Every structure is written in C-alpha cells, then in structure tokens.
Amino acid sequence: MIHRNAPLTPTGRLRLARCVVDDGWPLRRAAERFQVSHTTAARWAGRYRQHGHAGMTDRPSSPHHQPRRTCTAMEQEVVRLRREHRIGPLRLAARAGVAASTAHRILKRHGLPPLAALDRATGEPVRRYERARPGELIHIDVKKLGRIPDGGGHKTLGRAPGRKNRNGVGYAYLHTALDDHSRLAYTEDLPDETAPTCAAFLTRATAWFAAQGVTAERVLTDNAWAYTKNTWRQTCHDLGINPRWTQPWRPQTNGKVERFHRTLLDEWAYQRPYISDTERQAAFTDWLDWYNYHRPHTGISGHTPASRVTNLSEQHI
C-alpha cells in the first residue's frame, strides 16, 4: 500500500526510471524533475535495470530473518485449536500459552478470518449474497413480541410491579416482508401466525411493494407450519410468486429479515419505556418510515432502502 505522503506512485517511478535508463537523463536532473532525492532516483533506476516494470512495486517491509518469531510447531498448534474449537485469540492464548496478540498475528498470517465471518454450524466462511434487482427475492418472517399492559411493563414500573401488571395481555406477531436487494421493509402487527393470516399478509405486502414500483417474483420463508400449507402455496400461485423455503435449522439463509427484526427491537420496541402497547404501536409508523427513507443502511454502503428502489436510470430493467 502506497504511503499517503509518497511522492511517487508505481507509474511515476516507472516514468522516472525510463528517463534515466532509456533516455539517458542524469540522476540529478531526473530527481529534480520528479521532486525526489538523488538516492531515491538512483534506487528506482537500479530496480528498473534489474527487474523492469515489475520492480516498480513496493517490497515487503518484514525482515528476512526473524529469530524471535513464533516457532512453526506453535503456529500449527494455534491453527489446530482454532479449527477444532472455533475460538478467538484470547482463548487460544490461554490454551496455547502465547500472548493474545501473538495468536491474532498467527491467525492473520494463515488467512483465518474472524469468528464473526464464519458460519457457526459449519465453521466455513459466510457466503453473502444480494439479488440484482428489487423484487427478485422477498424475505418473510414473523417476530413474536410481548404486548405492553396499560400502565407500563417492567421497564416502566420495575421488575416486580411489572410482572403483577401483565394480566395476560398476550403477544404481538410482527409479520415482515423485506426486499433482498434494497432492504425495503413492510411490517404489520397481526394477532397470530396462522396460515390464513400469513397468506393475507402476503397479499397486502405484495400490493404495497407494487405501489413502490417493486414487483415481487419470489418469497423466501422458513419452514414454519403456516408456510408449508396449501393456503400459502395457493396464494403465491395466485399472485404469480415463486415460493422458496430455507433449509431446516438454517435461519442464516433468511438472515436479512432476521437482522431487520433485531434492528426493529433495538431502535423501536426496546428503544425507550412505553406505558402501553398503543403508545408503542403509535411510534412504529414513524420508525418504519425513517428506516425505509432516511436511515443509512450499512449493508448497502450507507444508502437508504428507498434509494435503491427508485428506478430513475432504469438500471433494474
């Protein structure tokens, strides 16, 4: 990587070297022309004579001889422990008897990615994907959320009074449809997650996406009971949508909507204490509008979901 204050890029080095070697310029004249020292000009001219164009790139700065470097046997032991137990540098350091910083450098040297980038079930690097256009794939899932009794729950009243005030208020079932390409989301608070409820939600969600200029082509769900019934399949057929299902015990496949639900809980449901479920639901509309149209999304390079739907340049045709 070129230093930010470096006066010469590889292209500039090549030009300097050619002026000296090919055109016969004196070193001092070339150094003055390219605003570098006499020794710098001599170094790049010498590398050009010896290696040609390939000699213009930076060389590794690590020393050729490192007598205090961790021995090969210890490195192999650290790598073995990582692959067998899937643990990070701190726990590796305790088991292998090295410093955590040393364990980290060994993992980096052997090209082993951070644990956050690995699939927990298989230990393989997570394969991330994104559909090429809005509507190509819609993720659907349900989040079960406890309702808030009038007067507030434990976050408002405290643990013991909040428990006494529950009075069997039940649960909210948040049904969400999220576009894979844009992360545009549509969510409804419904009383259950039965097959007819899920099918009716899909119909309304498809209509909402159509109003945003997005035509749903496929839907991806988990293998919950409601999504495997004929009611769901028939609704998908009537809407011209191809239903897909995740592999059993693999929620990562539907990870985008799972991550949306975590964001929803952090930034809306648990963001502040509410004194009633009605108050919390009243705040949801504004939050979802902010998420879709104003909130920068790190998964799409800081853009908003709505910005990826607008088809002004016809890039999604």
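For the chain, the 222 nm mean residue ellipticity estimated from helices alone, with every DSSP H stretch of n ≥ 4 adding -39500 (n - 2.57) and the total spread over all residues, rounds to -12500 deg cm²/dmol.
Scan the chain and hand back the longest stretch that contains none of the chymotrypsin sites (Phe, Trp or Tyr not before Pro) lying in DSSP loops with at most 15 other Cβ atoms within 10 Å. Of all site-free stretches, the longest is 1-128.
Can you give the log10 of the normalised intensity I(q)/I(0) at q = 0.12 Å⁻¹, computed with Debye over equal Cα scatterers of segment 1-142? For segment 1-142 at q = 0.12 Å⁻¹, log10 I(q)/I(0) is -0.77. Listed by number, the DSSP H helices of the chain that run 15 Å or longer by alpha-carbon position along their axis and have mean Kyte hydropathy of at least -0.5 are 10-21, 195-211.
For the chain, state the average projected area of the convex hull of the C-alpha atoms over all orientations, rounded to one decimal in nm². Average of the hull's projected areas for the chain equals 26.6 nm². As an exercise, take the mean of 1/r over every pair of distinct alpha carbons in segment 198-285, invert it, and state the Kirkwood radius in angstroms. After inverting the pairwise mean of 1/r, the radius is 15.1 Å.
Its Cα centre serving as origin, the chain has a Cβ charge dipole (Lys and Arg +1, Asp and Glu -1) of approximately 1980 debye.
Summarised in one figure, the compactness ratio Rg/Rh of segment 138-308, Cα atoms and Kirkwood Rh, is 0.99. For the residues T57, T203, T235, a GNM of the chain with alpha-carbon springs under 10 Å puts the largest fluctuation on T57. Most fluctuating residue of S182, S62, S307 in a GNM of the chain with Cα springs under 10 Å: which is it? Of the options given, S62 has the highest mean-square fluctuation. Note on segment 28-109: Rg/Rh from C-alpha atoms, Kirkwood Rh, equals 1.31. Remark: spin-label model distance L115-H237 equals 4.8 nm, labels positioned 7 Å along the Cα→Cβ axis.
Sparsely packed loop sites in segment 24-119 (the trypsin sites (Lys or Arg not before Pro) outside DSSP H, G, I, E and B with at most 10 other Cβ atoms within 10 Å) comprise R68.
Our coupling estimate for segment 175-180, obtained by passing each phi through the Karplus curve with A = 6.51, B = -1.76, C = 1.60 and θ = phi - 60°, is 8, 10, 10, 10, 6, 5 Hz, Gly and Pro reported as x. Excluding L264 itself, calculate the net charge of residues whose Cβ lies under 12 Å from the Cβ of L264, where each Lys or Arg counts +1 and each Asp or Glu counts -1. Residues near L264 contribute 0 overall. Note on the chain: antiparallel DSSP beta bridges, both residues inside, total approximately 75 percent of the bridges counted.
Both radii were evaluated on the Cα set of segment 10-56; the Rg over Rh quotient, with Rh as the Kirkwood radius, amounts to 0.91. Over all orientations, segment 72-117 has a Cα convex hull whose mean projected area works out to 2.8 square nanometres. Residues considered: P243, P114, P26. Largest GNM mean-square fluctuation over the chain, using C-alpha springs under 10 Å, is found at P26.
Look at the alpha carbon pairs under 8 Å that are at least 6 residues apart: their mean separation over the length of segment 138-308 gives a relative contact order of 25 percent.
We did not get these values from a lab; they are worked out from the coordinates using the rules stated. All values reported here derive from a predicted model rather than from experimental measurement. Note that each Cβ is placed from the backbone with ideal geometry, even for glycine, and that neighbours are counted across all protein chains shown.
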